Every structure is written in C-alpha cells, then in structure tokens.
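The values are calculated or read from the model by the stated rules, or taken from the named source; none is laboratory data. Remember, it's a predicted structure, so these values are computed and weren't measured experimentally. Cβ coordinates were reconstructed from backbone atoms using ideal geometry, including for glycine residues, and neighbour counts include every protein chain displayed.
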Amino acid sequence: MTLTADLVDVEVQPKVRSKVYTAPGFPGSVVTVKPRYDNFIGGRWVPPVGGRYMPNISPVNGKVFCEVAKSTPEDVELALDAAHAAQDAWGATSLPERAAVLNRIADAIEANLEMLAVAESWENGKPVRETLAADLPLAVDHFRYFAGATRSLEGRSTEIDKDTVAYHFHEPLGVVGQIIPFNFPLLMAAWKIAPALAAGNCTVLKPASPTPWSILKFAEVIEKIVPAGVINIVTGPGGEIGKALASSPRIAKIGFTGETVTGRLIMQYAAQNLIPSTVELGGKSPNIFFEDVMAADDEFLDKAIEGLVLYAFNKGEVCTCPSRALIQESIYDRFMERCLARIAAIKQGNPLDVSTMVGAQNSAQQLEKIESYVKIGREEGATCLIGGERAAVDSDIEGGYYFQPTVLKGNNRMRVFQEEIFGPVLAVTTFKDEAEAIAIANDTLYGLGAGVWTRDGSRAYRMGRAIKAGRVWTNCYHLYPAGAAFGGYKISGVGRENHQMMLEHYSQTKNLLVSYSPKALGFF
Amino acid sequence: MSDHTSAVATTARVVATPAAEQAIRELVAERGELMFFQSGGCCDGSLPMCFDRGELVLNDRDVLLGYVAGTPFYIDHRQFEAWKHTQLVIDVSPGLPEGFSLPAGDDAHFVTNGRLYCSP
C-alpha cells in the first residue's frame, strides 16, 4: 500500500475528491455517535464497574463529542474473565474456521471502510484522505494476511531415530494483553489483534487514553462476527488499567506499542510474571538523500522530494517519522529549495476535507510538546526554514490542535535531532560522504526506521546494511505492507510485527516426543 | 544509579514550577512517596512519568537529575547525554496523562519544558 501515489487507485477516491465529510454525530454524517460508550467485554457492551465515564475530545475542533468508560482494574478483571471463558474453544477452533473469522473481520471493515475512515479521522485528527487510502485498507489487508499466514504455518517433525519422533506443534499462548497508541488507533489494533487471533489467542485490548472511541466503532462492526470473549476492549487511564492489564498474572503475553519508559515498565511487569512481551517503541529515523537523486529532473527526483516531505504524514505522529533528513552537501541548496516549495504547498486544515494533507495533532498535550521542541531547537541555534508556529485554521475548527509543517536546520547534537517530537517537524542537516552519512544516521538512541535515496544500487545496499535500524526503506518511505517485518533495533523495541513470524511470537511450541519402540531403556 | 547533580554546582538540572510542586505535594499526601522518570520517545514521549516510588525498577546507570518537591527525578543515562545541556522545568498542564503515569490532580498531567543553559 503506497500512500499518496495510490490515492487515485482507491475505490472511494474518485467520488469524494472534493468532498468535506460531515462530522460524526451530525445530521448526514456517515458515522453515528452515541452519547456514551461502555466497554466491549464478552461480546456485550458492559458498563464500567465504578460507573465513571470520561469525556472524549476530537482534536479536529477540541470539543468533547462523547463519553467512554473510565474503567478501573475491576473492569480489566471482567475482560480477563470473558477472555479466559472463550480461550479454550477459540484455541481449539480449526484453522479454516479461524481464518474464516479473520477474513470476515476484514470484509466487515471493508464494507464499513468509509464510516471507519471518517471516525478515525475525527478521533485522531489525521486527514481522511490518509485513513481512506492507507489506515483502513491496510487494516483490512492485515487481517487477510494473517488469515492466510496461519493456514500456511506448519509444525515440524524430526526423526530422532527410526522408532522415535519429535513432533512440534504451535499452540496458542492463551489470553494476551495488548496496549496500543493513539497515532493509528485502528491500524495498530489490527496489527495487534490479527496475529493474536490467528494464532488462537483471545485478547484484552486497551486503546490509548486519547483515542478510545474509533476502536469501539470497530467493535460495533465486528461484534456479531467474532465469538464472544475473543476480542475484549477496555477503555480508561493507562496508569490505572494499563498497569492492571500489563501486570496481571492472568495474561500469557503483553504486546505494547508506545513510549520507552512505559516499554521498560511493560518488560518489568512481564519479567515479574515470567511471560513474554513485544514492545515497539520510539524512533528518530534518518532519511538520507545522496547527490545522485538530482542527476536528472525526472519522476524519481519527484518521488525523492515527496520522500522528504513524508515527515508530515499523519502530522508527524508516526514512530517511524522520517524526522531527520540528511542531505548530501553538494545538492543541499537546490534539493531543499524544491522540498520547501513542496512543503509550502501543503494544504492544512479540516481533516474531514479529502483535499487536506495535514490535519490536527492528537491532543493539546502533543501540540504543547511540539511548540516546546521548536522553542528548544531555536534556542539551540537551529534555523527555522519554514513553519514553526501553530497553524491558523477556519473558525469552525479553531479549537483544534494545528501546527504548521516545520523544518529546522541544525546539527545532530541538538535535542531536536535526538528526540522524537511526534509532530510535523523535520530536522535537517548535511553530510559530505557515505561514511559521514552512516555516522550521523547511527548517532541516535533509536533504530526503528530509516530511508535511503540514491540511484546507485550498490550504495543503497551498503547503506541499508550499515544503518542500525529494523527497517531501511530504500527509494521509498512509509510503506507498511503486511508481509514485511517491522520492529526496532537498539532502544526502539524488542520483537517484530507485520509478518508471519508474529505467529511464533503469539504461540508456544508443544513437543510430543513419541517412542514407537516396545523396548525398555534398561536402566531399572 | 549515578548522581550527576554534583556536576552543576550553581544550576539545578531539574526544577518545578509552583503549580507542579503543589500537585506533587497533593499526590504524595494521597498516595505516598513518588518518583519521576523522564520519558524519551514515541507517542507519550518527552513527558515526565510519575509513578509510585519503586514502581519502575531502576538500573545502575539511570541518572538522578535531582529532586522536585522532595521527589527524585531520574533519566536514562543515554538520554541524559543528549539532554544534559538543558535544564528541565516540570510543570502541570490540563488533560489526562499518557502512558502509565499518574495524573497531576484531576484531569491534569505533568510536563517537561526545557531551558537551554549551554550549547550542545
């Protein structure tokens, strides 16, 4: 799935090209909104035990548009009860049937793609053109991929000797806990849920506190498709229920995507319960442009320019955001001129307008943090080449959280080059040669993603192997196809997602060691 | 853990605004002793994570930056290298905290603002 390049191929695009979607809950919207949402537990909508709810804000206009359960650890226990009640039957479900359920989830998302895309945009602030063309189609494909992957996963048997055979079976872990971030609420849910279910596990999932609602719209879509208790969703504050879930002795694994200190806590809780964990954490991904990208003014150069501007994809709220651009000195001026012109042409505003390219940051907290980083960058001596301020938007959405696409020129020792800003802020610097490019690229705590742009295949290969990151996009960026393993080097995480190998992460190996010989060992 | 506070005799590496100090005191009165750990990346990154004291097991290289309202404030040693030219100012802002951090009162969270005190 490519992003902008494929927009025209997306079925829903031609009819909506100049459309502004009506905000969810308003007359004529494709999305209905209830005033209040309960937890989704055991296939039913269950009010929180404590009876408390919390307001849910749309970052598009900064206004509360519904309430969701403000759950407590008791609600996590209810969800775990439901998951455990469903586990044995789901774990024993035949592979054809399990795969069929995953395919039905995919079909249901696809049938409701426009509705969920608009809901996701309203919930997160991301442009609806992205959710229509990337988030939701990728979520659909993810379920289909794991439906197929689980059918093709084979156990192994080994003939130890002519009468002794070691059989190896994949068995489910059991009930797993999964905690997802706010930046891709539905796609991250798909990344987590699909492999867990495919491997025969039941899940208790906690969405991020700022984005609890779109996943509940997803639950409405699949509630009749998935057996009760296989997927359970509990909303509420991370400090209360995130901890209760992650530290519960009733889960067999914890999967987490988020920030580093929480990742450390997750692994600590997992260690205390002696269970496995997968953590996908932050990044400060380098995007490296060699001088030969400007050897011709052609399609490839155009693609490379877009490749730099992809830092603004999902308003920079992406763990793999290409937030450090390293540009070869010899082309810096000419290349940046082209890139800045492209950035200046970005249309920012109402995310529900299908022509909007950059929407709203997810929360007031994020907006403040981005401002604070731009201030730090300026104090450190970085030059602001474009943007740098909150964005002015139409009066109907002025309570939303908008920040201009920004470029800061500086050096790799600055904090804006070392820390994940999680906003549309690019830190740009130059390098002289390949060796310096590698040195700067790897001078970071993180190692999640990287981009390399060159017309020289050998150099692309050398760079790709030399960069210490879990994924090196080569002459592309921000593609997330199922089937390509995704995960971090260094402190960017432990484990991989998005690939059949995930089924191993969500299974345990059962070995049957069978003797077909009638003879005793002879010891006793 | 290492104590780098002695390296800066005149300027504290971490300070808190009166609002943050007040929130910390109220939280301590409610829950008991606390700890802060500076977060470094991704979705909830760059926020000061506030936990019950001892919730996060420290390692030998975590850096004690100082104390805010009597509560110890730590940072990862690798992150310390990247941040050491800035002073951290802990404040309070509206909205629920992210991650597993405790809130700074009702519907509020702690934030870290940076102030440069030497060049990188």
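A search for C-beta distances below 6 Å between a residue of the range A:372-385 that is in a strand (DSSP E or B) and any residue that is not basic (Lys, Arg), counting only pairs 6+ apart in sequence or on different chains, returns A:CYS384/A:LEU408; A:LEU385/A:VAL407. Being under 18 Å from A:ALA450 (Cα atoms), within 14 Å of chain B (Cβ to nearest Cβ), within 23 Å of the chain's Cα centre (by Cα) and touching a residue at least 24 places away in the same chain (Cβ under 8 Å): is that true of A:SER363 here? So A:SER363 does not fit the description; no.
Of all residues being within 20 Å of the chain's Cα centre (by Cα) and not in a helix (DSSP H, G or I) in the range A:232-251, which is nearest to the other protein chains (Cβ to nearest Cβ)? Just the residue, please. This residue is A:PRO237.
For the range A:90-103, the candidate set comprises residues that are of a type outside the set (A, V, I, L, M) and touching a Phe, Trp or Tyr at 6+ places or on another chain (Cβ under 9 Å); within that set, the residue that is farthest from A:VAL140 (Cα to Cα) is A:ARG98.
Of the residues making up the range A:40-56, those that are crowded, with 16+ Cβ neighbours inside 10 Å, in contact with a Lys or Arg (Cβ under 8 Å, 6 or more places away or on another chain) and more than 14 Å from chain B (Cβ to nearest Cβ) number 1.
So which residues in the range A:252-272 are of a type outside the set (A, V, I, L, M, F, W, C) and more than 7 Å from chain B (Cβ to nearest Cβ)?
So the first thing to find is which residues in the range A:252-272 are of a type outside the set (A, V, I, L, M, F, W, C), and the list is A:253, A:255, A:257-260, A:262-264, A:268-269, A:272.
Within the range A:252-272, A:LYS253, A:GLY255, A:THR257, A:GLY263, A:TYR269, A:GLN272 qualify.
Applying the condition of being more than 10 Å from A:GLY239 (Cβ to Cβ) and not in a strand (DSSP E or B) to the range B:92-111 and asking which residue is nearest to the other protein chains (Cβ to nearest Cβ) yields B:GLY95.
If you go through the range A:319-351 and keep only what is of a type in the set (Phe, Trp, Tyr) and free of Cβ contacts under 8 Å to residues at least 60 places away in the same chain, you end up with just A:PHE335. Among the residues of the range A:401-427, those identified as within 14 Å of A:GLN361 (Cα to Cα), within 14 Å of chain B (Cβ to nearest Cβ) and either surrounded by fewer than 22 Cβ atoms within 10 Å (Cβ to Cβ) or not aliphatic (A, V, I, L, M) (or both) are A:TYR401, A:PHE422, A:GLY423.
Is it fair to say A:GLU159 is outside any helix (DSSP H, G or I), closer than 20 Å to A:HIS505 by Cα and of a type in the set (Asp, Glu)? Reasoning before the result, please.
On the way: outside any helix (DSSP H, G or I): yes; closer than 20 Å to A:HIS505 by Cα: no; of a type in the set (Asp, Glu): yes.
Against the criterion (outside any helix (DSSP H, G or I), closer than 20 Å to A:HIS505 by Cα and of a type in the set (Asp, Glu)), A:GLU159 does not qualify.
The set of residues in the range A:173-188 being surrounded by fewer than 24 Cβ atoms within 10 Å (Cβ to Cβ) and in contact with a strand residue (DSSP E or B) (Cβ under 7 Å, 6 or more places away or on another chain) consists of A:LEU173 alone. Applying the criterion of being at pLDDT 85 or above and either at the interface with chain A (Cβ under 7 Å from one of its Cβ atoms) or surrounded by 21 or more Cβ atoms within 10 Å (Cβ to Cβ) (or both) to the residues of the range B:80-90, the residue that is farthest from B:ARG25 (Cα to Cα) is B:LEU88.
In this structure, does A:LEU310 turn out to be over 28 Å from A:ILE231 (Cβ atoms) and out of contact with any Cys (no Cβ under 8 Å at 6 or more places or on another chain)?
Details: over 28 Å from A:ILE231 (Cβ atoms): yes; out of contact with any Cys (no Cβ under 8 Å at 6 or more places or on another chain): yes.
So A:LEU310 fits the description; yes.
Filtering the range A:276-308 to residues that are hydrophobic (A, V, I, L, M, F, W, C), in contact (Cβ under 8 Å) with a residue 60 or more places away in the chain and either more than 9 Å from every other protein chain (Cβ to nearest Cβ) or within 25 Å of A:ILE386 (Cβ to Cβ) (or both) leaves A:VAL279, A:ILE288, A:PHE289, A:PHE290, A:VAL293, A:ALA295, A:PHE300, A:ALA304, A:LEU308.
Looking only at the range A:204-231, how many residues end up being farther than 28 Å from A:LEU367 by Cβ and assigned to a strand (DSSP E or B)?
Initial filter on the range A:204-231 (farther than 28 Å from A:LEU367 by Cβ): A:204, A:219-231.
Then keep just the ones that are assigned to a strand (DSSP E or B); that gives A:204, A:231.
Selection size over the range A:204-231: 2.
Taken over the range B:44-74, the criterion of being more than 15 Å from B:SER101 (Cα to Cα) and either touching a Pro at 6+ places or on another chain (Cβ under 7 Å) or within 11 Å of chain A (Cβ to nearest Cβ) (or both) is satisfied by B:LEU58, B:ASN59, B:ASP62, B:LEU64. I'm checking my understanding of the structure. Among residues of the range A:202-231 that are under 17 Å from A:ARG52 (Cβ atoms) and either among the charged types (D, E, K, R) or away from chain B (no Cβ under 14 Å) (or both), which one is surrounded by the fewest Cβ atoms within 10 Å (Cβ to Cβ)? The residue in question is A:LEU216. Pick from the range A:487-517 the residues that are within 14 Å of another protein chain (Cβ to nearest Cβ) and surrounded by 21 or more Cβ atoms within 10 Å (Cβ to Cβ): which of them is farthest from the chain's Cα centre (by Cα)? The qualifying residue farthest from the chain's Cα centre (by Cα) is A:ILE491.
Let's see how each residue does on (1) farther than 22 Å from B:LEU116 by Cα; (2) free of Cβ contacts under 8 Å to residues at least 60 places away in the same chain; (3) in a helix (DSSP H, G or I); (4) not polar (S, T, N, Q):
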| position | (1), (2), (3), (4) |
| --- | --- |
| A:ALA392 | yes, yes, no, yes |
| A:GLY399 | yes, no, no, yes |
| A:VAL416 | no, yes, yes, yes |
| A:GLY423 | no, no, no, yes |
| A:THR429 | no, no, no, no |
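When the range A:368-400 is filtered for residues that are over 26 Å from A:MET336 (Cβ atoms) and more than 8 Å from chain B (Cβ to nearest Cβ), the ones remaining, listed by number, are A:VAL393, A:ASP394, A:SER395, A:ASP396, A:ILE397, A:GLU398, A:GLY399, A:GLY400.
How about the range A:253-262: which of its residues are touching a strand residue (DSSP E or B) at 6+ places or on another chain (Cβ under 6 Å) and either closer than 18 Å to A:PHE184 by Cα or not in a helix (DSSP H, G or I) (or both)? First the steps, then the outcome.
Filtering the range A:253-262 for residues touching a strand residue (DSSP E or B) at 6+ places or on another chain (Cβ under 6 Å) gives A:253-257, A:261.
A:LYS253, A:ILE254, A:GLY255, A:PHE256, A:THR257, listed by residue number.
The residues in the range A:493-511 that are in contact with a Ser or Thr (Cβ under 9 Å, 6 or more places away or on another chain) and in a strand (DSSP E or B) can be counted, and the count is 3.
Farther than 30 Å from A:SER395 by Cα, assigned to a strand (DSSP E or B) and aromatic (Phe, Trp, Tyr): is that true of A:PHE65 in this structure? Talk me through it step by step, then tell me what you get.
Details: farther than 30 Å from A:SER395 by Cα: no; assigned to a strand (DSSP E or B): yes; aromatic (Phe, Trp, Tyr): yes.
Considered against the rule, which asks whether it is farther than 30 Å from A:SER395 by Cα, assigned to a strand (DSSP E or B) and aromatic (Phe, Trp, Tyr), A:PHE65 comes out as no.
Being surrounded by fewer than 17 Cβ atoms within 10 Å (Cβ to Cβ) and either in contact with a helix residue (DSSP H, G or I) (Cβ under 9 Å, 6 or more places away or on another chain) or farther than 29 Å from A:ALA296 by Cα (or both), is that true of even one residue in the range A:350-359? Yes, because at least one residue in the range A:350-359 is surrounded by fewer than 17 Cβ atoms within 10 Å (Cβ to Cβ) and either in contact with a helix residue (DSSP H, G or I) (Cβ under 9 Å, 6 or more places away or on another chain) or farther than 29 Å from A:ALA296 by Cα (or both).
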